[in-house]
1. Compute, for segment 166-301, the length of the dipole vector about the Cα centre, with Cβ point charges of +1 (Lys, Arg) and -1 (Asp, Glu) only. Units Debye, rounded to 20.
2. Rounded to the nearest Å, what's the spacing between the alpha carbon centres of segment 246-296 and segment 44-91? Just the number, please.
3. Quick check for the chain: number of Lys pairs with alpha-carbon distance under 25 Å, counting only pairs 8 or more apart or on different chains?
4. For the chain, which semi-axes, largest first and in whole Å, follow from the square roots of 5 times the eigenvalues of its Cα gyration tensor?
5. How many percent of DSSP beta bridges within segment 176-297 run antiparallel, rounded to 5?
6. What are the ³J(HN,Hα) values, in whole Hz, obtained from phi via the Karplus relation 6.51 cos²θ - 1.76 cosθ + 1.60 with θ = phi - 60°, for each residue of segment 257-270 in sequence order, with x given for Gly and Pro?
7. Just to check I understand the Karplus step: with θ = phi - 60° and J = 6.51 cos²θ - 1.76 cosθ + 1.60, what whole-Hz values come out for segment 56-64, glycine and proline as x?
8. How much length is gained if the chain between ASP230 and SER56 is pulled fully straight, taking 0.36 nm per residue apart and subtracting their Cα-Cα distance, in nm to one decimal?
Amino acid sequence: MKNLKWWLSVLMVGFILSLSACAGAQALKPLDAAEVTSLRDSCEALYQKHMEAWDSRDPENFRQIYTDDVVHVDGDPANTGVYGLIDVGRVMFEVFPDWQMEAGDTYISKNQCLGTWLNWGVFGFSQDDPGIEYDWMETRENKISYWRMFYDQKFHQAIENADLVNDDFLQNYASAWSSGDPDTILKIYASDAELDDSLFGFSIAGQEAIGDYASRFLATSSEASWDILDPFSESLPSNRYKDEHPYASQGAVYAIQVEGADGNPCEIRAVVILTPNGDGLIQTQNIFYEAETLVACGWARDQ
């Protein structure tokens, strides 16, 4: 009985220390609302130019939006270059003469832009129920220098790759981050995992650094909960690249329920892209935010 009481006391002390550590963690520093709005405007303008180039159905217009050495990743991490994209465009316009498109929501990080491409007139998609492509982009000298593509479940079902979106993997991420416990969060990451949240100033590796980031995120809103809205995945690379890229990255648009600056419930929307390792743990993570929701919830404020 004495041993039982001793173990209970040890567990209680550990529990209290754990709560104290979380409560004492430094919260994420609020972002500058003007900078967040500027990043959003730049991302939206870039993505609109990207869409207009494709919607023109004239591949020669691609020269105006892409760098000559643009890296285009569609499953294969191929350095296609603008001439390769022009060839891709010609084939796509010929194969899909009824293809229609429209730009959707955009999400920002510090130096990158992620946009959603709504597609219909292909694979049986309608304008009311389009297939959604997610485009991760980087720029150089006001042109797109990197373009990586991801597809929603409807796209993968149409091309018989539906199993690429691992709902359990994505839900485990949401459940861990909804737990409010940094230790639970760390269990889903590889020991040498890399996490990039450049908007909040984090580009880190290793569980200690990720644990600190998790504690700071939770300290910003201790009751935060995560819900999957739209899952997606990139395609598998061809056999030529499978040794270098054995696992397709996937992700989702998440709704993060937080406490707003006024103390009322508020929703932040974010796109999280995750790459697993062979053990099903997260090896890399990148996060992009919908700018308006950061401002609305007080995570971006006038400085």
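1. Dipole magnitude for segment 166-301 comes out near 160 debye.
2. 27
3. 5
4. 39, 22, 17
5. If I count the DSSP bridges inside segment 176-297, around 90 percent turn out antiparallel.
6. So the Karplus estimates, Gly and Pro as x, are 7, 10, 8, x, 4, 8, x, 9, x, 8, 10, 9, 10, 9 Hz.
7. 5, 6, 10, x, 5, 5, 4, 4, 7
8. That pair, ASP230 and SER56, stretches by 59.8 nm at full extension.
Taken together, the values in this text are just the output of simple stated rules run on the coordinates, not laboratory data. Everything quoted here is computed from the prediction, not taken from an experiment. As a convention, Cβ positions derive from the backbone with ideal geometry for all residues, glycine included, and neighbour counts pool all protein chains shown.
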